[in-house]
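The values are calculated or read from the model by the stated rules, or taken from the named source; none is laboratory data. This is a predicted model, so every value here is computed, not measured. Virtual Cβ from ideal backbone geometry, glycine too; neighbours counted across all protein chains shown. Accessible surface is based on the protein model in full, side chains and every heavy atom, while ligands, DNA and RNA are left aside. Shrake-Rupley method; radii C 1.70, N 1.55, O 1.52, S 1.80 Å.
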Amino acid sequence: MKKKALIYGITGQDGAYLAKFLLNKGYEVHGVKRRSSSFNTKRLDDIYTDPHFKTNFFLHYGDLTDSLSILKTISNISPHEIYNLAAQSHVKVSFDVPEYSANVGAIGTLRILDSIKSLNLSKKIKYYQAGSSEMFGAAIPPQNEKTNFIPRSPYAVSKLFAHWITVNYREAYNIFACNGILFNHESPIRGETFVTKKIVSALYKIYKNKQKKLFLGNLYSKRDWGHARDYVRAMWKMLQQKKPDDYVIATGTQYSVKQFINLCAKELKMNLVWKGKGINEKCYWNKKVIIEIDQKYFRPTEVDSLKGDFKKAKKKLKWKPIIGIRDLVKEMLDYESKNDK
Ligand code: NAP
Ligand code: GDD
């Protein structure tokens with residue numbers, strides 16, 4: 001029998017990669033999208049087919065703040081696997097909309113888990129929770145499954161509730177539920193306001209003389225950046241194990257935001273010169289200022305240094321990242337070039 005998967009957050013970066021991955025594995029894939037005033041399914045255009053004709057891919061309206069829609073969707077589809085990738089996923093924005101971020105990220109997770117339990121589907125459905133390295137916050141790197149969580153944003157705190165409620169429903173009701181603790185992962189279809197996509201897209205436009213300047217915040221935070229394509233494979237692998245468990249997924253290397261900019265510039269053969277310090281630091285290209293600091297992009301509390309230790313995933317899931325940061329940068333830049341009008 002064909003396996004059925006239900007993806008919350010299907011219209012996001014990871015949702016799109018995971019949907020394609022599961023379709024290639026022969027799954028029937030269902031996804032939940034939110035109603036919006038303009039189309040929000042751009043990342044799915046290449047796999048969407050008219051449901052009036054034969055297809056393995058179905059979209060349903062729903063929202064993680066709406067318990068009734070969650071109960072109804074899970075009951076109607078009765079999937080073998082649920083991947084909960086839905087969240088207000090921007091850390092800086094979570095300081096502006098903390099209650100909403102918690103409603104979706106924390107209580108939304110509880111709503112799905114409790115629907116599985118209430119519908120007596122605990123034995124049938126395997127559940128994946130999209131946890132985050134942001135939960136480690138101020139913990140000293142390298143971080144692994146045994147590292148203490150010291151969250152530094154409303155987003156991170158909401159993800160911690162989601163993490164522990166997933167552990168609790170696993171222990172209390174025997175649900176096959178796994179937490180993936182994923183470090184940052186990017187791609188050409190990364191949301192425009194995350195720092196890698198913002199840098200790649202602006203630097204490409206500056207290189208083509210279509211934009212004059214880029215404004216950024218903290219250049220010195222360090223992140224462990226992988227590729228989303230590698231990371232969705234790990235999500236699926238977690239649900240194929242004999243027992244449910246929690247896993248750190250990372251590359252084990254870290255770069256600062258400034259180093260990421262320099263990597264992109266190298267790929268574009270742009271010779272950058274950095275001058276000044278703190279909020280007065282500036283980046284020059286061809287004697288013109290192209291990058292400046294704007295304090296509005298700083299967070300009230302920052303996560304300075306993330307670097308994951310993924311030994312457990314390597315041993316138990318036989319998973320490791322394939323795409324390195326240079327290939328990631330190249331792929332992101334190629335995408336900008338192909339979509340340059
Ligand atoms: P993303 O591109 O921001 O996608 C988030 C998805 O959640 C979108 O489909 C969004 O729908 C949906 N969503 C937001 N609010 C919702 C609501 N109230 N009800 C239902 N759906 C809602 O995020 P991503 O990068 O793919 O990340 C996927 C998940 O992994 C997120 O939970 C994120 O927090 C977590 N995570 C990401 C990373 C990373 O580096 N990418 C690392 C660790 C953990 P719209 O398209 O309509 O906005
Ligand atoms: N977004 C953004 N915009 N970040 C900036 C900017 C800017 O203009 N300038 C500097 N940064 C710094 C941020 O302060 C942060 O230290 C770093 O760049 C990365 O920021 P983001 O790309 O927004 O990602 P994030 O690390 O905060 O969160 C992402 O990764 C988490 C996993 O650790 C998101 O995808 C989260 O959803 C995810 O859980």
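Is the range 122-139 home to any residue that is within 8 Å of ligand 2 (Cβ to nearest atom), open to solvent by less than 30 Å² (accessible area, probe 1.4 Å) and of a type in the set (D, E, K, R)?
Looking through the range 122-139, at least one residue is within 8 Å of ligand 2 (Cβ to nearest atom), open to solvent by less than 30 Å² (accessible area, probe 1.4 Å) and of a type in the set (D, E, K, R).
With the condition being under 30 Å from K296 (Cβ atoms), I'd like the helices (runs of 4 or more DSSP H) fully within the range 32-110 carrying at least 1 qualifying residues.
Qualifying helices (runs of 4 or more DSSP H): 91-96, 98-102.
Being in contact with an Asp or Glu (Cβ under 8 Å, 6 or more places away or on another chain), within 30 Å of Y128 (Cβ to Cβ), in contact (Cβ under 8 Å) with a residue 24 or more places away in the chain and among the hydroxyl-bearing types (S, T, Y), is that true of even one residue in the range 255-269?
So far as the range 255-269 goes, no, none of its residues is in contact with an Asp or Glu (Cβ under 8 Å, 6 or more places away or on another chain), within 30 Å of Y128 (Cβ to Cβ), in contact (Cβ under 8 Å) with a residue 24 or more places away in the chain and among the hydroxyl-bearing types (S, T, Y).
Go through the range 164-194 and give me each residue that's assigned to a loop (DSSP other than H, G, I, E, B) and either within 16 Å of ligand 2 (Cβ to nearest atom) or of a type in the set (S, T, Y) (or both). It would help to see each step written out before you state the result.
To start, the set of residues in the range 164-194 that are assigned to a loop (DSSP other than H, G, I, E, B) comprises 174-175, 183-184, 187-194.
Answer for the range 164-194, where residues must be assigned to a loop (DSSP other than H, G, I, E, B) and either within 16 Å of ligand 2 (Cβ to nearest atom) or of a type in the set (S, T, Y) (or both): F183, N184, S187, P188, I189, R190, G191, E192, T193, F194.
Quick test for you: out of Y27, Y17, pick the one residue that is modelled with pLDDT of 95 or more, surrounded by 14 or more Cβ atoms within 10 Å (Cβ to Cβ), of a type in the set (S, T, Y) and more than 9 Å from ligand 1 (Cβ to nearest atom).
Y27
What pairs come up if the first residue lies in the range 291-303 and is within 19 Å of N280 (Cβ to Cβ) and of a type in the set (S, T, N, Q), the second is within 8 Å of ligand 2 (Cβ to nearest atom) and not in a helix (DSSP H, G or I), and their beta carbons are under 9 Å apart, counting only those six or more places apart or on different chains?
Cβ pairs passing all conditions: Q295/G217.
Would you call I82 among the β-branched types (V, I, T), within 18 Å of the chain's Cα centre (by Cα), within 15 Å of ligand 1 (Cβ to nearest atom) and over 26 Å from S153 (Cα atoms)?
In short, yes.
Please pick out the residue among L239, L182 that is away from ligand 1 (no atom under 15 Å from the Cβ), under 24 Å from A87 (Cα atoms) and under 19 Å from the mean Cα position of the chain (by Cα). Break it down into steps so the answer makes sense when it comes.
Details: L182 fails: away from ligand 1 (no atom under 15 Å from the Cβ).
Result: L239 is the single residue among L239, L182 that is away from ligand 1 (no atom under 15 Å from the Cβ), under 24 Å from A87 (Cα atoms) and under 19 Å from the mean Cα position of the chain (by Cα).
Any residue at all in the range 84-102 that's open to solvent by less than 20 Å² (accessible area, probe 1.4 Å), out of contact with any helix residue (DSSP H, G or I) (no Cβ under 6 Å at 6 or more places or on another chain) and either of a type in the set (V, I, T) or without any contact (Cβ under 8 Å) to a residue 60 or more places away in the chain (or both)?
No, the range 84-102 has no match at all.
So A202 passes all but one of these: (1) in contact (Cβ under 8 Å) with a residue 24 or more places away in the chain; (2) open to solvent by less than 10 Å² (accessible area, probe 1.4 Å); (3) under 24 Å from I325 (Cβ atoms). Which condition number does it fail?
Evaluating A202 over (1) in contact (Cβ under 8 Å) with a residue 24 or more places away in the chain; (2) open to solvent by less than 10 Å² (accessible area, probe 1.4 Å); (3) under 24 Å from I325 (Cβ atoms) leaves (1) as the failure.
Which ones in the range 140-149 are surrounded by 15 or more Cβ atoms within 10 Å (Cβ to Cβ) and either touching a Ser or Thr at 6+ places or on another chain (Cβ under 9 Å) or more than 30 Å from K3 (Cα to Cα) (or both)?
So the first thing to find is which residues in the range 140-149 are surrounded by 15 or more Cβ atoms within 10 Å (Cβ to Cβ), and the list is 141-145, 147, 149.
Matches in the range 140-149: P141, P142, Q143, N144, T147, F149.
For the range 196-203, indicate whether the set of residues that are of a type outside the set (S, T, Y), more than 30 Å from S122 (Cα to Cα) and more than 16 Å from ligand 1 (Cβ to nearest atom) is non-empty.
Of the range 196-203, the ones of a type outside the set (S, T, Y) are 197-200, 202-203.
Add one more test, that the residue is more than 30 Å from S122 (Cα to Cα), and what stays is 197-200, 202-203.
Keeping just the survivors that are more than 16 Å from ligand 1 (Cβ to nearest atom) gives 202-203.
Yes - at least one qualifying residue is present in the range 196-203.
Residue check: is F194 touching a residue at least 60 places away in the same chain (Cβ under 8 Å) and surrounded by fewer than 17 Cβ atoms within 10 Å (Cβ to Cβ)?
Taking the combined requirement at face value, the residue satisfies it.
Could you grab me the full set of residues in the range 213-233 that are of a type in the set (D, E) and either out of contact with any Ser or Thr (no Cβ under 6 Å at 6 or more places or on another chain) or modelled with pLDDT under 95 (or both)?
Passing the criteria: only D230.
Since L113 meets every condition but one in (1) farther than 17 Å from D245 by Cα; (2) touching a helix residue (DSSP H, G or I) at 6+ places or on another chain (Cβ under 9 Å); (3) not charged (D, E, K, R), which condition does it not meet?
(1)
Does D230 satisfy the condition of being surrounded by fewer than 22 Cβ atoms within 10 Å (Cβ to Cβ) and on the phi < 0 side of the Ramachandran plot?
yes
Among the residues of the range 310-332, are any open to solvent by 90 Å² or more (accessible area, probe 1.4 Å), in a loop (DSSP other than H, G, I, E, B) and closer than 17 Å to K222 by Cα?
Looking through the range 310-332, none of the residues is open to solvent by 90 Å² or more (accessible area, probe 1.4 Å), in a loop (DSSP other than H, G, I, E, B) and closer than 17 Å to K222 by Cα.
Condition first: farther than 13 Å from W236 by Cα and among the polar types (S, T, N, Q). Now tell me which residues in the range 1-57 satisfy that.
If the condition is that a residue be farther than 13 Å from W236 by Cα and among the polar types (S, T, N, Q), then T11, Q13, S36, S37, S38, N40, T41, T49, T55, N56 are the ones that fit.
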